[in-house]
Amino acid sequence: MSDLVRLTKAEEEIMQVLWKLRKAYVREIIKELPLPHPAYNTVSTIVRILEKKGAVGHESFGKSHQYFPIIEKESYRKKQFGGFIKNYFGNSYKSLASFFTKDADLSLKELEEIQQLIDKQIAERKNKEQ
């Protein structure tokens, strides 16, 4: 799916459940949502909206529908994060890194873990170039 599907918070919650379960009926989705559980009709309506947006599909079993995600979690996450970087950091990963190292309240341990991740990526890319 090339276009960014915009989801509300409630739609994202339901997508998280569908990504986890892979296939689910509305009642199964409701059981996975935090308390207090939303009404059946509410979840059913949101799932149908997700279907209209192209995020969810369904298989019919008599009068029941079993829903499944069409968009992949990783693909959605990447597009959402890309939009976040564009909107809040001027499309600059350097600005994002600056924010995390200066403005975010990260512990020394967290900063060291981030540094290790960066060092690992640098080493992997250098190996690919050779």
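Are any of the pairs Lys31/Lys94; Lys53/Lys109; Lys31/Lys86; Lys86/Lys109; Lys23/Lys128; Lys53/Lys102 more than 30 Å apart by Cα-Cα distance, and if so, which? Show your work: numbers first, answer last.
Working: Lys31/Lys94 41 Å; Lys53/Lys109 41 Å; Lys31/Lys86 36 Å; Lys86/Lys109 28 Å; Lys23/Lys128 39 Å; Lys53/Lys102 39 Å.
The pairs that break the limit, which is 30 Å between Cα atoms, are Lys31/Lys94; Lys53/Lys109; Lys31/Lys86; Lys23/Lys128; Lys53/Lys102.
Between the Cα long axis of helix 108-129 and the first principal axis of the chain there is an angle of about 80°, rounded to the nearest 10.
Placing a pseudo-label 7 Å from each Cα along the Cα-to-Cβ vector at Gln130 and Thr45 gives an inter-label distance of 6.0 nm.
In loop segments of the range 62-130 as defined by DSSP, there are no chymotrypsin sites (Phe, Trp or Tyr not before Pro) with at most 14 further C-beta atoms inside 10 Å of their C-beta.
Scaled to the compact-protein estimate 2.2 N^0.38 Å, what is the alpha-carbon radius of gyration of the range 1-90, rounded to two decimal places?
Values: Rg = 13.8 Å, N = 90, 2.2 N^0.38 = 12.2 Å.
Ratio of Cα Rg to 2.2 N^0.38 Å: 1.14.
For helix 73-89, what angle does its Cα long axis make with the longest principal axis of the chain, in degrees from 0 to 90 and rounded to 10? Relative to the chain, helix 73-89 is tipped by roughly 50 degrees. The C-alpha atoms of the chain define a longest principal axis, and helix 9-21 lies at about 90 degrees to it.
When only the Cβ of Lys, Arg, Asp and Glu is charged (+1, +1, -1, -1), the dipole of the range 1-94 relative to its Cα centre reaches about 180 debye.
Only the coordinates and a few stated rules stand behind these numbers; no lab work does. The model shown is predicted, which means the values in this text are computed figures rather than measured ones. Neighbour counts run over all protein chains shown; Cβ positions are idealised from the backbone, glycine included.
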